[in-house]
Amino acid sequence: MRTLLAISLSALVGSLAWAGEDSSLVIDGEEIKIRATAPAHADALDEVYSGWVFRTDETQALQMDDFENPAFVFVDQAIDMFSKVDGTEGKSCASCHDDVAEFAGLRPTMPRVVDGEVVTMEDMVNGCRTKRMGAEPWKWSSASMTAMTALIGLQSRGTEINVKIDGDAAAQWEAGKELYYTRVGQLDMSCANCHEDNYGNMIRADHLSQGQINGFPTYRLKNTKLNSVHGRFKGCMENIRATPFKEGGEEFKALELYLASRGNGLSVETPSVRN
């Protein structure tokens, strides 16, 4: 199986020239860091690259202009939801948080580990909804959730990712690393086979990126909606014919922690645009 897979990949991959190899990502006059020296714990990489680097010029251009970026349709919806009263307590997000800008600096540190458990942005949103607003939790990859996490993440755009992996986070980080390198599915592949061993190559009609998640939630032209990190994990597992873990489950949370840390040094791009 592995020999056949290697032959198939060899036939599909193309040039190492990337669409945005020499490009710079500048939004509203602010340069977003899309390349950085790899953090020491990503020891198989010399540099880390945003997924934006691997996109076509046309896709890159969409993200460089907030008026053209289709993700902002959903960000605008989240702005309305932020002030909308929901739940038995008669509260909205704005009842506790006067201005969404107060979340600046949060996204670069997420996810984080609290009392041995990985806490994601989605956990924080649903915690507020259920405990403070008396509202129903949103589904992990629902339109409401991805819109709200995009709005919150936007407040930190341009800030360097700095996810903690030591101390209380170490055990969960190691669990995520193990998942990243474990082969699964009928195609007997791991995350690393595509995003570490073959990034920059062409597979079918697309460039393989390093799988960095500093731009999530991301608008995908393929499905014309905002996509969550766990939704993308699920899609990848389905592509290699593996049974996906549960969105919001401990496996995907640990994997998110590990992947987020591999992007330490890149900037938050939320909301990004990808193929």
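The values are calculated or read from the model by the stated rules, or taken from the named source; none is laboratory data. Since the model is a prediction, treat every value here as computed from it, not as a measurement. Cβ sites come from the backbone with ideal geometry, for glycine too, and all protein chains shown count toward neighbours.
Report whether or not ALA175 is over 30 Å from ASN69 (Cβ atoms), assigned by TED's automatic domain parsing to the domain that holds TRP52 and either among the acidic types (Asp, Glu) or surrounded by fewer than 19 Cβ atoms within 10 Å (Cβ to Cβ) (or both). Walk me through how you get there before you give the answer.
Working: over 30 Å from ASN69 (Cβ atoms): yes; assigned by TED's automatic domain parsing to the domain that holds TRP52: yes; either among the acidic types (Asp, Glu) or surrounded by fewer than 19 Cβ atoms within 10 Å (Cβ to Cβ) (or both): yes.
Yes; evaluated as a whole, the condition is true for this residue.
For segment 141-188, a residue qualifies if it is assigned to a loop (DSSP other than H, G, I, E, B) and β-branched (Val, Ile, Thr), and the qualifying residues are THR159, ILE161, VAL163, ILE165, THR182. Has segment 166-173 got any residue that is under 22 Å from ARG274 (Cβ atoms), touching a residue at least 40 places away in the same chain (Cβ under 8 Å) and over 13 Å from the mean Cα position of the chain (by Cα)? Among the residues of segment 166-173, not one is under 22 Å from ARG274 (Cβ atoms), touching a residue at least 40 places away in the same chain (Cβ under 8 Å) and over 13 Å from the mean Cα position of the chain (by Cα), which makes the answer no. Go through segment 9-40 and give me each residue that's modelled with pLDDT of 95 or more and either surrounded by 14 or more Cβ atoms within 10 Å (Cβ to Cβ) or farther than 18 Å from GLY265 by Cα (or both). Result: LEU25, ILE27, ILE32, LYS33, ILE34, ARG35, ALA36, ALA38, PRO39. Do the conditions hold for MET133, that is, is it crowded, with 17+ Cβ neighbours inside 10 Å, closer than 26 Å to GLU160 by Cβ and not acidic (Asp, Glu)? Considered against the rule, which asks whether it is crowded, with 17+ Cβ neighbours inside 10 Å, closer than 26 Å to GLU160 by Cβ and not acidic (Asp, Glu), MET133 comes out as no.
Across segment 120-142, the number of residues qualifying as within 15 Å of GLY153 (Cβ to Cβ) and hydrophobic (A, V, I, L, M, F, W, C) comes to 3.
Taken over segment 43-54, the criterion of being surrounded by 19 or more Cβ atoms within 10 Å (Cβ to Cβ), not polar (S, T, N, Q) and not in a helix (DSSP H, G or I) is satisfied by VAL48, TYR49. The set of residues in segment 82-102 being surrounded by fewer than 16 Cβ atoms within 10 Å (Cβ to Cβ) and either in contact with a Phe, Trp or Tyr (Cβ under 7 Å, 6 or more places away or on another chain) or among the aliphatic types (A, V, I, L, M) (or both) consists of VAL85, ALA94, ALA101. Considering segment 55-68, the residues that are in contact with a Phe, Trp or Tyr (Cβ under 7 Å, 6 or more places away or on another chain) and in contact (Cβ under 8 Å) with a residue 40 or more places away in the chain include one that is surrounded by the fewest Cβ atoms within 10 Å (Cβ to Cβ), namely GLN60.
Per the listing ALA143, ALA147, the residue uniquely buried (at least 22 other Cβ atoms within 10 Å of the Cβ), within 29 Å of VAL53 (Cα to Cα) and either assigned by TED's automatic domain parsing to the domain that holds ASP86 or among the basic types (Lys, Arg) (or both) is ALA147.
On the basis of being touching a Phe, Trp or Tyr at 6+ places or on another chain (Cβ under 6 Å), assigned by TED's automatic domain parsing to the domain that holds ALA38 and under 22 Å from ARG107 (Cα atoms), does ILE165 make the cut? The answer is yes for ILE165. Take the residues in segment 200-240 that are of a type in the set (Phe, Trp, Tyr) and under 22 Å from ALA254 (Cα atoms); name whichever of them is surrounded by the most Cβ atoms within 10 Å (Cβ to Cβ). Across segment 200-240, the extreme among qualifying residues is PHE216.
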